[in-house]
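The values are calculated or read from the model by the stated rules, or taken from the named source; none is laboratory data. Just so it is clear, the model here is predicted, and its values are computed rather than measured. Cβ coordinates were reconstructed from backbone atoms using ideal geometry, including for glycine residues, and neighbour counts include every protein chain displayed. Accessible surface is based on the protein model in full, side chains and every heavy atom, while ligands, DNA and RNA are left aside. Shrake-Rupley method; radii C 1.70, N 1.55, O 1.52, S 1.80 Å.
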Amino acid sequence: MALTQQHIEQIRQCHLFEQLTDAELNQVASHGYLVELYAGQTIFSQGDSCHQFYLVQRGMIKLYRTSVDGTEKVMDLAGPKQLFAEAVMFTGKYPLHAAAIEPSTVFAFDCKDFMTQMHDNVELCFRLMLSMSQRLHGMINEIDRLTLHSGTQRLAQYLLEQVPEGVMQSPCIRLLVPKMVIASRLGIQPETFSRIMARLRSDGMIETHNDTILLKDLRALRCLAACPG
């Protein structure tokens, strides 16, 4: 689907594009299009040649790898206003699989055209470098969590990260992705995920109602996230 002016204004809200002039943004949009995805639909597979990078308009995208036995390891999740695969334009092939977790819509941008624009726009180059640096920093933090923190710590941290900004006590959060995907993202087995959730409930830290979780004791959760568990 070709992009409308309304779509272009949505794209401008992404940090990578927000400082572009109208002419520059229209140039990006002229080589972009909207992709509607059904739940489970693959966007690209590991090893595919990279011709597009993406910005999520709605829904949730999982980026994952598969082991020899077919086990999925979720490496990242991309939600609305988040970019993915933007760094891959320099390598030529996607290093991961990408698929929609739920019905989703993404903006697809042409890598070749975007690299041509970067050649003539130093500011755009720096913005892409910032985006890539932030992703690298996030990956380093993720490695730190996976290697130095227990499964209990990682789950407690994840729950705390879902708390809306400014909420100080007893927030209700909603798990936006399946629990199996969260478990994979955190590097724990689904059964371990369930055991930790049960322990948090029995300890009075949380209360669960399907995919909605009441964080009853934020102080205890923060302590748990900071200490070996």
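Using a 1.4 Å probe over the heavy atoms of the protein chains, calculate the carbon and sulfur portion of the accessible area of the chain as a whole percent. Show your work: numbers first, answer last.
On the way: 6820 of 12400 Å².
Roughly 55 percent of what the probe reaches on the chain is carbon or sulfur.
When a/c reaches 1.5 or more, the comparison of a/b and b/c decides; with that in mind, is region 66-157 rounded, prolate or oblate per its Cα gyration tensor?
Values: a/c = 2.12, a/b = 1.60, b/c = 1.32.
Cα axes put region 66-157 in the prolate bin.
Rounded, prolate or oblate: which fits region 34-101 when a ≥ b ≥ c are the square roots of the eigenvalues of the alpha-carbon gyration tensor, with rounded for a/c under 1.5 and prolate only if a/b beats b/c?
Note, shape of region 34-101 comes out oblate.
Ratio of region 1-132's C-alpha Rg to 2.2 N^0.38 Å, to two decimals?
Numbers: Rg = 14.6 Å, N = 132, 2.2 N^0.38 = 14.1 Å.
Relative to the rule-of-thumb radius for its length, region 1-132 sits at 1.04.
State log₁₀ I(q)/I(0) for region 94-135 at q = 0.27, 0.28, 0.33 Å⁻¹ as given by the Debye formula over alpha-carbon point scatterers of equal weight, solvent excluded.
Taking Cα atoms of region 94-135 as identical point scatterers yields -1.03, -1.04, -1.07.
Express the relative contact order of the chain as a whole percentage, based on alpha carbon pairs under 8 Å and six or more residues apart in sequence.
On the way: 358 pairs, mean separation 43.6, N = 229.
Relative contact order of the chain: 19 percent.
Using Stokes-Einstein with the Kirkwood hydrodynamic radius over Cα pairs, what translational diffusion coefficient do you get for the chain at 20 °C and a viscosity of 1.002 mPa s, in µm²/s rounded to a whole number? Before the final figure, lay out each step's value.
Working: Rh = 19.3 Å.
Stokes-Einstein gives a translational diffusion coefficient of 111 µm²/s.
Are there any chymotrypsin sites (Phe, Trp or Tyr not before Pro) in region 1-101 that are in a DSSP loop and have at most 11 other Cβ atoms within 10 Å? List them by number.
Loop-located and lightly packed - Tyr38.
State the percent of C-alpha pairs, over all pairs in region 142-209, separated by a distance greater than 14 angstrom. The partial results should precede the final answer.
Details: 1384 of 2278 pairs.
When all Cα pairs of region 142-209 are counted, 61 percent exceed 14 Å.
Can you run phi through the Karplus equation (6.51, -1.76, 1.60; θ = phi - 60°) for region 208-213 and list ³J(HN,Hα) in whole Hz, with x for Gly and Pro?
10, 9, 6, 9, 9, 10
Which helices, taking whole DSSP H runs in the chain, have alpha carbons extending 30 angstrom or more along the helix axis plus mean Kyte-Doolittle at least -1.0?
Numbers: long enough: 122-148 (38 Å, 0.37).
Within the chain the helices that satisfy the rule are 122-148.
Kindly flag which residue pairs out of Lys81/Lys216; Lys73/Lys179; Lys62/Lys179 have an alpha-carbon separation exceeding 21 Å in this structure.
Working: Lys81/Lys216 30 Å; Lys73/Lys179 13 Å; Lys62/Lys179 13 Å.
Those over the limit are Lys81/Lys216.
Convert 10 °C to kelvin, take the viscosity as 1.306 mPa s, use the Kirkwood radius over C-alpha pairs of region 14-60 as Rh, and evaluate the Stokes-Einstein diffusion coefficient in µm²/s, rounded to a whole number. Walk me through the numbers on the way to the answer.
Numbers: Rh = 13.0 Å.
So the translational diffusion coefficient is about 122 µm²/s.
With every protein chain kept in place and ligands, DNA and RNA left out, what is the accessible area per residue of the chain? Probe 1.4 Å, answer in Å². Mind showing how you got there, number by number?
Working: 12400 Å² over 229 residues.
Accessible area per residue: 54 Å².
Rounded, prolate or oblate: which one fits region 176-229, using the alpha carbon gyration tensor with axes a ≥ b ≥ c (rounded when a/c is under 1.5, else prolate when a/b beats b/c, else oblate)? Don't skip to the answer; put the middle values down first.
Details: a/c = 1.80, a/b = 1.26, b/c = 1.42.
Note, shape of region 176-229 comes out oblate.
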